[in-house]
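Only one structure is covered here, and it is reproduced in the block below.
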Amino acid sequence: MKALIIILIVLGVIVLLILAIGIALAKLTAGGKRQTLEEALNWQKGRLNLDWYIPENITEYIIDSYDGYELHAALVPNPEKTNKYVVITHGYTDNRYGNFKYVKLYLDNGYNCVIYDIRGHGVNYKAPCTYSFREGHDVYCVVQDTFRRYGSDIYLGIHGESLGAASTVDSIKYYTDENIRFAVADCGFADIINVLKVSLRFMHLPGFMIYISTTFYRLMYGVSLWKIRPMDALKGNRIPIMFVHGAKDDFIVPDNSKRMYDTTEGYKEIHFMERAGHAESAYVDQRLYGEWLTAFLNGID
């Protein structure tokens, strides 16, 4: 009898430990610390020339997404009148100001820039990160709003970084009548599971924890991370797309962009930035990044 009690106690402790670990990992997966707008702006000021940034010229507004979630957005207008627009989507824990490293490149190419805080980021109210499951649908809604707001005949492209790149790619599955002229995906993931496995290695946790964390994430947030595969949206895709990835990215490894490049069927380019880690390509060599972008945009006109 005593031995049975000990066994039950041990089993109970193991169950409680699994519960605690599963809940902790699910919460960590759903919500890391987000940057404030001020923190993101200061980060950009320390790395870029923001002489073009004139707050008075930027128009802020709110977009209702497909489920009623409010997305805070802003238009950075080009100094010259133009009908060209690009929707830029930032990465995980960042916010709309994190897009500034791309804004200048698009302004130089004659585009107006629509930037916004993805759900759960910036000044948007709290929401779990779903790794493009909901965020990809949000990109689509921002695109629809941009056409409604600025004209159905505008020339519109989409650009994303990291989670924003995955969401940008995932949004492609929603477009039917929308005339999207191009997409740029910088250091996005082809599927989220391979990234989560890398995260577990960074935390020195065993690989089998992926099953515990994803199970609890699904129970808590209603989304199966095993089904998050933005690359699947590229099957049959004809929107011209350029992939960029830091050659030294050890978080979302470069093979993710290569897999997406191999999947898409339309016009495509892929560039690897030497010396760049995760989401660093435009910082490491903005001149070269700008050359890639300009050549791509000119090549698809």
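Details
For (1) among the small types (Gly, Ala, Ser); (2) more than 19 Å from Ile252 (Cβ to Cβ), each residue gets a yes or a no:
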residue	(1), (2)
Ser132	yes, no
Asp145	no, yes
Gly160	yes, no
Leu163	no, no
Asp170	no, no
Asp177	no, yes
Phe182	no, yes
Arg201	no, no
His204	no, yes
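- Check on Tyr150, closer than 21 Å to Thr82 by Cβ, open to solvent by 10 Å² or more (accessible area, probe 1.4 Å), in contact (Cβ under 8 Å) with a residue 24 or more places away in the chain and out of contact with any Gly (no Cβ under 6 Å at 6 or more places or on another chain): yes
- Meets criteria (at positive phi, touching a residue at least 40 places away in the same chain (Cβ under 8 Å) and either out of contact with any strand residue (DSSP E or B) (no Cβ under 9 Å at 6 or more places or on another chain) or surrounded by fewer than 24 Cβ atoms within 10 Å (Cβ to Cβ) (or both)) for Ser213: no
- Matching strands (runs of 3 or more DSSP E) fully within segment 107-218 where at least 1 residues are modelled with pLDDT of 95 or more and more than 21 Å from the chain's Cα centre (by Cα): 155-161
- Of everything listed in (1) open to solvent by less than 20 Å² (accessible area, probe 1.4 Å); (2) assigned to a helix (DSSP H, G or I), the single unmet condition for Val223 is (2).
- In summary, Asp177 fulfils each of the numbered conditions (1) farther than 20 Å from Ala30 by Cα; (2) open to solvent by less than 30 Å² (accessible area, probe 1.4 Å); (3) of a type outside the set (Gly, Ala, Ser) with the single exception of condition (2).
Okay, residues lined up against (1) within 22 Å of Arg134 (Cα to Cα); (2) surrounded by 13 or more Cβ atoms within 10 Å (Cβ to Cβ); (3) out of contact with any Leu (no Cβ under 6 Å at 6 or more places or on another chain); (4) in contact (Cβ under 8 Å) with a residue 24 or more places away in the chain:
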{"site": "Gly32", "(1), (2), (3), (4)": "yes, no, yes, yes"}
{"site": "Glu38", "(1), (2), (3), (4)": "no, no, yes, no"}
{"site": "Leu41", "(1), (2), (3), (4)": "no, yes, yes, yes"}
{"site": "Leu48", "(1), (2), (3), (4)": "no, yes, yes, yes"}
{"site": "Tyr66", "(1), (2), (3), (4)": "yes, no, yes, yes"}
{"site": "Leu71", "(1), (2), (3), (4)": "yes, yes, yes, yes"}
{"site": "Pro77", "(1), (2), (3), (4)": "no, yes, yes, yes"}
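- Scanning segment 58-88 for residues that are polar (S, T, N, Q) and either closer than 18 Å to Ile154 by Cβ or out of contact with any strand residue (DSSP E or B) (no Cβ under 9 Å at 6 or more places or on another chain) (or both) turns up Thr59, Asn78, Thr82, Asn83.
- Answer from Gly266, Gly246, Gly207 - the residue that is free of Cβ contacts under 8 Å to residues at least 60 places away in the same chain, under 18 Å from Val169 (Cβ atoms) and surrounded by fewer than 19 Cβ atoms within 10 Å (Cβ to Cβ): Gly266
- Complete set of residues in segment 254-270 that are closer than 17 Å to Ser167 by Cα, hydrophobic (A, V, I, L, M, F, W, C) and outside any helix (DSSP H, G or I): none
The values are calculated or read from the model by the stated rules, or taken from the named source; none is laboratory data. It should be emphasised that the depicted structure is a prediction, and the values quoted were computed from it without experimental measurement. FYI the Cβ positions are ideal-geometry reconstructions off the backbone, even for glycines, and counts take in every protein chain you see. The accessibility values were calculated without ligands, DNA or RNA, using every heavy atom of the protein model including side chains. Shrake-Rupley method; radii C 1.70, N 1.55, O 1.52, S 1.80 Å.
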